[in-house]
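Written below as structure tokens is the structure these notes are about.
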There are 2 protein chains.
Amino acid sequence: MTCPEELDPVRLLTPRAREVLAAARVVLERDGWDTLTMRSLADELGIAAPSLYKHFASKDALRTQLIALALKEFGEGVRPVSGVAALVRAYRDVAAAHPQLYRLATSGSLDRDALPPGLEDWSGSPFLEATGDPHRAQALWAAAHGMVILELDGRFPTGSAPEATWDELVTHFG
Amino acid sequence: MTCPEELDPVRLLTPRAREVLAAARVVLERDGWDTLTMRSLADELGIAAPSLYKHFASKDALRTQLIALALKEFGEGVRPVSGVAALVRAYRDVAAAHPQLYRLATSGSLDRDALPPGLEDWSGSPFLEATGDPHRAQALWAAAHGMVILELDGRFPTGSAPEATWDELVTHFG
DNA sequence: GTCTATACTCCGATAGAC
DNA sequence: GTCTATCGGAGTATAGAC
């Protein structure tokens, strides 16, 4: 399922800015946000770093666009499923497929004013649909996020089986 | 309840190193890890930045000590409780009391070889005691962590009531 | 244990020509 | 839309004297 047109964060970007954004995704996923620099991004594009500022006003503006893009894509990746078990499975998979983008989109502060209005809510709405209750939805999302981020950060003790823990989580919320 | 002597990460530090560590906590909680620099830490102590290297070999070594200290203190803060509801409540409170230390200790990669052996397990053992099952414990911890970190990062939509979500979580695991 | 001096690297961002 | 040149700053860390 696709994101509504009016929520698509890319809709107002120039074609070249979209290319820059796509390259930023590549570098982000390869190096992580902290080591993505305007210089490394420019290298990826084969241009000089100062040229980037013709397309994005600052590195932070680029970050906001990446986050918006992530909200859109994660929302799309999780939407076609129904039921708590399938939702949780899809959430885990989409995060694992783009770990650095997931981390960027869900960690640290969020400048809501810079996002398309309604995008954040739309991105999380599958949890509401699957649970039928706002607080239940929020609790399930938080639990799934905790699992994902601890797994991405390698925080579960070595040798532990996350699969069984995921099953446990689904059981409690199923 | 206090941490076993042999797990206390501070036990091998010189008195002066402990003072440096204490100052690092202050600066960390005030500025966050990314903006804690060797210079700002030195300023807090009223000494010059290079002097710090007499006590800690690198900034990363300092980070490891802070994380170990956090594991000890969070373990102590959560241990005297029994039952899922009280555990979750204590976990939330101890994180909220030292948000930046919590973030440092639970986010990003962890160099386990640099920690006192057994400290990490000891820190998490209250979850095992409260649930009686390893996977249940892990799921509860992940859910609680997800709630805490999203709350600290201001990721719940404005106007939403985290209290009710916390209650929801306790209900499912209670 | 602290100091001064400093090396070295990297960063985001701007100015102005083409 | 891209370039070159550059600013201004920050960061970790080392060397060596006291």
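Which distances, shortest first and in nm, link B:G159 to the matching position in the other copies, using label points set 7 Å out along Cα to C-beta?
5.1
Using a 1.4 Å probe on the protein heavy atoms, what percent of the accessible area of the protein assembly as shown belongs to carbon and sulfur?
Numbers: 8480 of 15700 Å².
Solvent-exposed carbon and sulfur of the protein assembly as shown make up 54 percent of the total.
So how much slack lies between A:D60 and A:D111, counting 0.36 nm per residue of separation and subtracting their Cα-Cα distance, in nm?
Details: separation 51, 0.36 × 51 = 18.36 nm, distance 1.00 nm.
Gain in length upon complete extension: 17.4 nm.
Ordered shortest first, which distances in nm separate the 7 Å Cα→C-beta label point of B:A114 from those of the other copies?
Shortest to longest, the spacings are 3.0 nm.
Could I have the simple spin-label model distance between B:S125 and A:E5, label points 7 Å from Cα toward Cβ, reported in nm to one decimal?
A separation of 6.2 nm, rounded to one decimal place.
Determine the shielding of peptide B:144-156 by partner chains: average, over its residues, the number of Cβ atoms on other chains within 10 angstrom of each Cβ.
On the way: counts 3, 8, 13, 7, 2, 7, 8, 1, 2, 5, 4, 9, 4.
Averaged over the peptide's residues, the number is 6.
Which FRET efficiency value, to the nearest 0.05, do you get for B:A48 and A:E76 by plugging their Cβ-Cβ distance into 1/(1 + (r/R0)^6) with R0 = 51 Å? Working shown, then result.
Numbers: r = 53 Å, r/R0 = 1.04.
The pair B:A48/A:E76 has a calculated efficiency of 0.45.
On the first, second and third principal axes, largest extent first, how far apart are the outermost C-alpha atoms of the protein assembly as shown in Å?
The principal-axis extents, from largest down, are 60, 51, 37 Å.
Would you be so kind as to identify all helices of chain B, as entire DSSP H runs, whose Cα atoms reach 15 Å or more along the helix's own axis and whose mean Kyte-Doolittle hydropathy is at least 0.5? Write out the running numbers ahead of the final one.
On the way: long enough: B:15-31 (24 Å, -0.16); B:59-78 (28 Å, 0.21); B:84-97 (20 Å, 0.96); B:119-131 (20 Å, -0.27); B:134-152 (26 Å, 0.54); B:162-173 (17 Å, -0.42).
Span-like helices, by this rule, are B:84-97, B:134-152.
Mind jotting down the three principal axis lengths of chain A based on Cα atoms? Whole angstrom, largest first.
52, 40, 24
Under the classification rounded if a/c is under 1.5, otherwise prolate if a/b is larger than b/c and oblate if not, where does the stretch A:86-132 fall, given a ≥ b ≥ c as square roots of the Cα gyration tensor eigenvalues? Kindly include the intermediate steps, with their values, before the conclusion.
On the way: a/c = 2.70, a/b = 1.16, b/c = 2.34.
It comes out oblate by the Cα gyration axes.
Can you give the local net charge around A:W141? Use residues other than it whose beta-carbon is closer than 15 angstrom to its beta-carbon, Lys and Arg +1, Asp and Glu -1. Walk me through the intermediate numbers first.
Values: positive: A:R79, A:R89, A:R92, A:R136, B:R155; negative: A:E120, A:D121, A:E129, A:D133, B:E151, B:D153, B:E168.
Net charge in that neighbourhood comes out at -2.
Calculate for chain B the 222 nm mean residue ellipticity that helices alone would give, adding -39,500 (n - 2.57) per DSSP H run of length 4 or more and normalising by residue count, nearest 500 deg cm²/dmol.
On the way: 8 runs with 111 residues, N = 174.
Roughly -20500 deg cm²/dmol at 222 nm, from the helical runs in chain B.
What gaps in nm, shortest first, separate B:D31 from its twins in the other copies when you place the label 7 Å past Cα toward the beta carbon?
Computed spacing set for this position: 2.5 nm.
Given the rotation relating A and B, tell me which residue in A puts its Cβ closest to the axis and the distance in Å.
A:G146, 1
Testing the spin-label approximation: label points 7 Å from Cα along Cα→Cβ at B:D133 and A:S40. State their distance in nm.
4.2 nm
Normalising by the residue count of chain A, find the relative contact order in percent from Cα pairs under 8 Å and 6+ residues apart. Provide the component values of the computation, followed by the final result.
Working: 151 pairs, mean separation 43.0, N = 174.
Once divided by the residue count of chain A, the mean separation gives 25 percent.
The values are calculated or read from the model by the stated rules, or taken from the named source; none is laboratory data. On a predicted model such as this, the values are computed, not experimentally measured, just so you know. Counting neighbours? That spans all protein chains shown, and the Cβs are built from the backbone with ideal geometry, glycine included. For the accessible areas, the whole protein counts, side chains as well, though only heavy atoms, and no ligand, DNA or RNA atoms are used. Shrake-Rupley method; radii C 1.70, N 1.55, O 1.52, S 1.80 Å.
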